[in-house]
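Here the structure is laid out as structure tokens; the discussion comes afterwards.
The values are calculated or read from the model by the stated rules, or taken from the named source; none is laboratory data. What you see is a predicted model, and the numbers here were worked out from it, not measured in a lab. Cβ placement follows ideal geometry from the backbone for every residue including glycine, while neighbour counts extend to all protein chains displayed. Please note that ligands, DNA and RNA were not included when accessible areas were found on the heavy atoms of the full protein model with its side chains. Shrake-Rupley method; radii C 1.70, N 1.55, O 1.52, S 1.80 Å.
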Amino acid sequence: MSTHGKTPTLRVIVDRGRCCGYGLCAQLCPEVYKLDENGLVYVESELIPGGLEEEAREGAAACPAEALVIEAIQS
Ligand code: SF4
């Protein structure tokens, strides 16, 4: 799967204070959602790489703690 060259259209706002470490987001979209050594979510970039929109939305929607909010990037 190549996502190279696609412009991001979404970003994700991560509220680590809400994250309970269930890890569902990282299971569904490991390219975007990473887990730190305590099992809490972090992202390397808020920008969702082009081509990963659906997985990123699924990961955010699956979060039982509502710690992930997907937003469209305003340009
Ligand atoms: S699904 Fe939600 S609570 Fe679970 S690790 Fe991801 S952000 Fe945290």
### Query
Given the structure, is ILE13 surrounded by 12 or more Cβ atoms within 10 Å (Cβ to Cβ) and more than 13 Å from the ligand (Cβ to nearest atom)?
no
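Mind listing just one residue for me: the one in the range 50-75 that is open to solvent by 70 Å² or more (accessible area, probe 1.4 Å) and hydrophobic (A, V, I, L, M, F, W, C) and, of those, farthest from ILE13 (Cα to Cα)? Step through it out loud before you land on a result.
Within the range 50-75, the subset open to solvent by 70 Å² or more (accessible area, probe 1.4 Å) is 54, 57-58, 61, 64, 66, 69, 74-75.
Remaining after also requiring hydrophobic (A, V, I, L, M, F, W, C): 61, 69.
Details: ALA61: 13, VAL69: 5 Å.
Across the range 50-75, the extreme among qualifying residues is ALA61.
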### Query
Listed residues LEU40, LEU47, LEU28; which is of a type in the set (A, V, I, L, M, F, W, C), within 11 Å of the ligand (Cβ to nearest atom) and open to solvent by 50 Å² or more (accessible area, probe 1.4 Å)?
LEU28
### Message
Condition check: at pLDDT 95 or above, within 10 Å of the ligand (Cβ to nearest atom) and open to solvent by less than 30 Å² (accessible area, probe 1.4 Å). Does TYR33 satisfy that?
### Response
yes
